[in-house]
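The values are calculated or read from the model by the stated rules, or taken from the named source; none is laboratory data. These numbers come from a predicted model, not from an experiment. Methodologically, a virtual Cβ is constructed for each residue, glycine included, from the backbone with ideal geometry; neighbour enumeration extends over all protein chains shown.
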Amino acid sequence: MRLIRKSRLYFQEGNSDKVYEVDLVDINSTDDNERYLVNFRYGRRGASLREGTKTPSPVSIEKAEKLFDSIVVSKTNKGYRDGGVASPSSSTTASSKPESSASLLDRIRQEKNPDTRARQVWRLPPEKNPEAAALVATLLGQKDDLHEYTLLWTLGRVGSHENIDLVSPYLSHSNTTLANLALEVILALTPEEERKNRYDTLRTHNENITPDSLLNAVAQFNNADSKRATSYPIGTLLKAAYLQSLVDTDIRQALLKVLPSIPITPGAFRGVRYLLKMSEFRLDTAVFTTLNVRLEQSKPHFYRDWGMVYNEHGCLDVEEELASDTARLAHSQKTHRYLVARYSRALKRLGVSKNDRFIELAESTLLQYTAAHAKPARSTPHYRWDDNWRRQLIATLHYDEYAHCSALNTLLRANNTAYSKNRRGIWRFDPDTTFDGRGEAFPECWDKAPDSLLRIACATDCEPVSDFAIRALEDNSDFIDTLSLADVIRLFTKPFTRSQAFASTRLKHLLANQPVTADILVLLFSSGLAAPISLGLELLGQKRDFDEMLTAIAHALCIDPRVELPDHTSIIAWLEAPEQKAKFTFVDKSALLSAVLSVVSEKDFASKEHATQTFDWLLTQCQDALTNARASALPDIAVAEALIQSSSISLALFGCKLLDAMPIAYDQISEASLHTIQTSDDEDIRAFAIALLKKLTHDKLADQLDNLLGSLAQGTPAQQHATLSVFAEAMQTSSYNESNAKTQQAIVEHMVNLLHANKLEDSLQQQLLDFLRAHGNASLREETHNENLWKLATARSEMAHTLTSEHFQQRTPYSRFTNEKWLALLNSPTLTLREHAQKHFGDSPDALIAQMDNIVSVMESEWHDTQDFVFDFCRESLSREQWTPDQIVAICDSVVDPVQRFGRELVQTYFDQDDAEQYLLQLSQHPAANVELFVSQLLPQHASNDETTIVALQPYFVAVLTRVNTGRPAKDNVLRFLISQANTSDAVRAMLSQLLTRLSLTSVQKDKAEYIKLMMSLKQTHGDLTLPVALKAVRHAAHHELEE
């Protein structure tokens, strides 16, 4: 929906003050004959307007324009004054034309109704006007207190010191509200040079309020709980302080300081309400705007729907409480809405009268709002029930983030057709309405105050306010041409899209005509925003060298890494790019270091990681200037220690790193710095208590060695890293000194033992290995330290194995380990070590042959490559003569299946009849089913008719035949063998009888049948055998018995 034309018509006569608005809008329909609507709004000026439409359905543009014009003519004929027909492209929108003071005074004189006259008096502009003052003075004393209040209020604004005598009698008025206002009026009418004396004469309290007493009283009130706060209210104190602030600037500053923290609660509300009204009377911009926005953002203290209220104090009568001096109620929702609306009306009155104070008050009001005032945008559906009791959606109301900010919306959206105010003062918007104009109230006033718009745009932290100011500035091309570079940069560094877009083109134009200085880049980098930073980097990259840009670079290094720059780069990455890195070649590194330290001392880093990244880059660039004791311009230790004492953890960490890198002795570090480091809450900073020990002399470091070695396993990761840095420094000293050599050897041995005995975290393992690679390789290569190398090869921290492997890859002789150790390494969990062991035995087969008694343990390795190597070695390198039956049986006895198979292969390959009995007897003891089957296949050849062997194999027979649901081939082989050998000897038959008796009682049914057949066969041939079966003759029954 797009606004095409708009007209505002006004009507003022007697008590009437009406407005009538007409809009012609385009709904963007594809049918030009049904595309346009004519809508209207009407009502009292300043109130919510009723809405309607003259076109129930869309019409053509010709009909719409004819209808629009007829409405304007009709209303004009009825006495409405045309405020102007405007389009959204106009630089200003129509607003009410101010009624001249003279005409308003004439209406006041002619008005007979006191109430109407009072409203007209209230509308007099707040500026000195002797004629108006004289007229108001004649009206005093004619009606009730409310009427008098209006007249006194207006007289205080338009009158002069000549009216003081007329007001003075009201100081003793029975109505305290009138009396208080009279005092304000008299002080306002008193010339400034006489005001202090007048105040001293009229004040009702005896003692001057001091800033400290005011601050302490407010602090005490704020710290008290809500029940106790009403026991010592500060309302009266606030009133007195505000009166005193007229003549006491210190009290005024103290009052402005406490206003943002004063709760709008019982005990304080009466004072706050007094300040609200009297700051409006005085047009005290600072107090009026601060209190209004604070009130606007608060909630009512209670909701007055009934005569009683229940709260923490119990059941309270509203009227009685509000009349009490120690009221336990503050303000209801109705009072809250009234005060908020009153502020908006005050702004409107100033705008309508084109008063110079309007811009001042509006500017201060808008600058009170920040992004913190925003609330989540919301949409509220509204339903109604139809005749069938079905819920129907009739409308969805939309509220943006600042819908609750009454004054902001009054100023920025009064003429925006997409926004309207509901009865509760909340502003809603219509997302379907397109509005391209400015929309603010009284645009003609803003067009005359571009300086104010610029101040607002530069100072605000609220995006709608910024957008308003920029949009208004865009219509003032003459003023835009006068903007300074500093102003444009300030606009460009605001975090708002419209402000940046407005300033971007102008900034590049200005920079094209003057050199880009470091100060300009500092402003861009200090914004913390992606667009200004990107422009700053672009401009910095155009420099041929960085000699004059060191301060700017220092500020760039302080940019939060989380700022998303184009190409997702970072400042460090940008500086490390080849085209930028080359420009540092001839930069004075001492000057760069000094510039960075100077800037970071005043700024801060976004995080510890940010501080670390920056320091690492700085150390790379300024290595010699920072760490070389002979450098011409080393940083002062005091700079590092000042950073350490900073309350910022990131700066303190940066200071610790700086101190650690500097070539100083431990004794040069102050006790205060050491104490701060040792007692820090941050473990990374505390770790520097260890890291700085590297600056001790060698003898003193040796005294600390045991503690340092202990911290490797027990300390935090940061402490472990610090300890390793100390050890690295110790390892770089000359080893010709006996004390140094012992220290270095102790460090290496402790690390080796630590890796060997403990399953360390991967990160610590890696750190220790990196350390040993960098500083311990020479020691490990010495033959006198074979034990250390062996400990690494068998360490529980398995990452250490790789270091041993690396030594053998570097042609360390295999003779460093004994054959027994190489045999053990065939079972190492590290492949490279197993490969070295396999290579050793492959090159020296006799070494493995000498270990044949231990060969089974290697065959049973969990590593397939080791098993394959040993099996292949045995097949290719060993002959029959090198195998003994015991060795082969030991292999067959293994519980590992591949080893058993290899054992059976050996038996079949190298079987000797002379060893048959040994094989049978030893292999028969193996519990594995496949070995039992293998033995059962040997029985016919190597145990037949051998009484001794058969009887000795009884446990084997029992084991095979008692297997349940398994081992069927072995069972069948054993049964056939036993049946064939039943007649071998009495000893065999006795053993067989005993075996069958046992099996008949315990075997499953299927097997039991075979055993019974065998027992019956034995019983028939050898009736004397003791078997659980008996042979009986079959008895034939008599014929008659069968019949029965």
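Name the single residue, out of those in segment 384-402 being closer than 30 Å to Gln297 by Cβ and not polar (S, T, N, Q), that is surrounded by the fewest Cβ atoms within 10 Å (Cβ to Cβ).
Only one residue fits best here, namely Ala395.
Taking the condition of being over 24 Å from Ser101 (Cβ atoms) and assigned to a helix (DSSP H, G or I), how many residues in segment 188-204 meet it? Break it down stepwise before answering.
Looking only at segment 188-204, we keep the residues that are over 24 Å from Ser101 (Cβ atoms), and these are 192-204.
Filter once more, so that each one left must be assigned to a helix (DSSP H, G or I): 192-202.
Number of matching residues: 11.
Which residues, counting only those in segment 966-988, are in contact with a helix residue (DSSP H, G or I) (Cβ under 7 Å, 6 or more places away or on another chain), in a helix (DSSP H, G or I), surrounded by fewer than 19 Cβ atoms within 10 Å (Cβ to Cβ) and not hydrophobic (A, V, I, L, M, F, W, C)?
Residue satisfying the conditions is Pro969 alone.
A quick yes/no check of all residues on (1) within 17 Å of Arg50 (Cα to Cα); (2) out of contact with any Ser or Thr (no Cβ under 8 Å at 6 or more places or on another chain); (3) of a type outside the set (S, T, N, Q):
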{"residue": "Tyr383", "(1), (2), (3)": "no, yes, yes"}
{"residue": "Leu393", "(1), (2), (3)": "no, yes, yes"}
{"residue": "Thr410", "(1), (2), (3)": "no, no, no"}
{"residue": "Arg438", "(1), (2), (3)": "no, no, yes"}
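Does Leu772 count as crowded, with 20+ Cβ neighbours inside 10 Å and farther than 27 Å from Lys695 by Cα?
No, not satisfied.
Which residue pairs have Cβ atoms closer than 9 Å, lie 6 or more positions apart in sequence or on different chains, and pair a first residue in segment 320-339 that is more than 13 Å from Arg273 (Cα to Cα) with a second residue that is hydroxyl-bearing (Ser, Thr, Tyr) and loosely packed, with under 12 Cβ neighbours inside 10 Å?
Thr326/Ser231
For segment 684-693, state whether one or more residues are among the charged types (D, E, K, R), free of Cβ contacts under 8 Å to residues at least 60 places away in the same chain, surrounded by 13 or more Cβ atoms within 10 Å (Cβ to Cβ) and at negative phi.
yes
Being buried (at least 18 other Cβ atoms within 10 Å of the Cβ) and in a helix (DSSP H, G or I) is the filter here, so list the residues in segment 443-457 that pass it.
Within segment 443-457, Pro443, Cys445, Trp446, Pro450, Ser452, Leu453, Leu454, Ile456, Ala457 qualify.
Of everything in segment 629-640, what is surrounded by 12 or more Cβ atoms within 10 Å (Cβ to Cβ) and either at pLDDT 80 or above or under 19 Å from Thr585 (Cβ atoms) (or both)? Give them in sequence order.
Ala631, Ala633, Asp636, Ile637, Val639, Ala640
Can you name every one of the helices (runs of 4 or more DSSP H) wholly within segment 289-406 that holds 2 or more residues which are of a type in the set (Ser, Thr, Tyr) and either in contact with a Leu (Cβ under 7 Å, 6 or more places away or on another chain) or modelled with pLDDT of 95 or more (or both)? Before you say what the answer is, go through the steps one by one.
Numbers: elements: 318-323, 333-352, 356-366.
Counting at least 2 such residues, we get 356-366.
Identify, by number, the condition in (1) crowded, with 17+ Cβ neighbours inside 10 Å; (2) in contact (Cβ under 8 Å) with a residue 40 or more places away in the chain; (3) part of a helix (DSSP H, G or I) that Ala591 doesn't meet.
(1)
Scan segment 954-965 and tell me whether some residue there is surrounded by fewer than 17 Cβ atoms within 10 Å (Cβ to Cβ), closer than 20 Å to Gln918 by Cβ and over 60 Å from the mean Cα position of the chain (by Cα).
yes
Out of all the residues in segment 339-369, which are closer than 20 Å to Ala472 by Cβ and among the polar types (S, T, N, Q)? First the steps, then the outcome.
Kept after step one, since they are closer than 20 Å to Ala472 by Cβ, are these residues of segment 339-369: 344, 347-348, 350-352, 354-369.
Once the filter is applied, which keeps residues that are closer than 20 Å to Ala472 by Cβ and among the polar types (S, T, N, Q), segment 339-369 yields Ser344, Asn355, Ser364, Thr365, Gln368.
Is at least one residue of segment 557-579 assigned to a helix (DSSP H, G or I) and hydroxyl-bearing (Ser, Thr, Tyr)?
no
So which residues in segment 873-885 are loosely packed, with under 14 Cβ neighbours inside 10 Å and touching a residue at least 12 places away in the same chain (Cβ under 8 Å)?
Correct list: Arg880, Gln882.
Could you grab the pairs with beta carbons closer than 8 Å, sequence gap of 6+ or different chains, first residue in segment 667-678 and not assigned by TED's automatic domain parsing to the domain that holds Ser646, second one of a type in the set (Gly, Ala, Ser) and in a loop (DSSP other than H, G, I, E, B)?
Sorted first by the residue in segment 667-678, then by its partner, the list stays empty.
Do we have any residue at all in segment 853-862 that's of a type in the set (Ser, Thr, Tyr), buried (at least 17 other Cβ atoms within 10 Å of the Cβ) and touching a residue at least 40 places away in the same chain (Cβ under 8 Å)?
Looking for residues that are of a type in the set (Ser, Thr, Tyr), buried (at least 17 other Cβ atoms within 10 Å of the Cβ) and touching a residue at least 40 places away in the same chain (Cβ under 8 Å), one finds none in segment 853-862, hence no.
Just give me the residues in segment 556-569 being free of Cβ contacts under 8 Å to residues at least 12 places away in the same chain and within 14 Å of Glu538 (Cα to Cα), in sequence order.
Scanning segment 556-569 gives Asp567, Thr569.
Quick one: in segment 927-949, which of the residues that are touching a Ser or Thr at 6+ places or on another chain (Cβ under 7 Å) and of a type outside the set (Gly, Ala, Ser) is farthest from Met991 (Cα to Cα)?
Among those that are touching a Ser or Thr at 6+ places or on another chain (Cβ under 7 Å) and of a type outside the set (Gly, Ala, Ser), it is Val935.
Considering only segment 256-274, state which residues are under 27 Å from His313 (Cα atoms) and not β-branched (Val, Ile, Thr).
Hits for segment 256-274 are Leu259, Pro260, Ser261, Pro263, Pro266, Gly267, Ala268, Phe269, Arg270, Gly271, Arg273, Tyr274.
Quick test for you: out of Ile470, Ile480, pick the one residue that is within 35 Å of the chain's Cα centre (by Cα) and β-branched (Val, Ile, Thr).
Ile470
For segment 218-265, name all the residues that are in contact with a Gly (Cβ under 9 Å, 6 or more places away or on another chain), closer than 15 Å to Asp325 by Cα and part of a loop (DSSP other than H, G, I, E, B).
Those that are in contact with a Gly (Cβ under 9 Å, 6 or more places away or on another chain), closer than 15 Å to Asp325 by Cα and part of a loop (DSSP other than H, G, I, E, B): Thr230, Ser231, Tyr232, Pro233, Ile234.
Looking only at helices (runs of 4 or more DSSP H) that fall completely inside segment 689-771, which ones have 3 or more residues that are more than 21 Å from Ile677 (Cα to Cα)? Spell out how you get there, then give the answer.
Working: elements: 698-703, 705-714, 717-731, 738-757.
Once the helices (runs of 4 or more DSSP H) in segment 689-771 are filtered for at least 3 residues that are more than 21 Å from Ile677 (Cα to Cα), what remains is 698-703, 717-731, 738-757.
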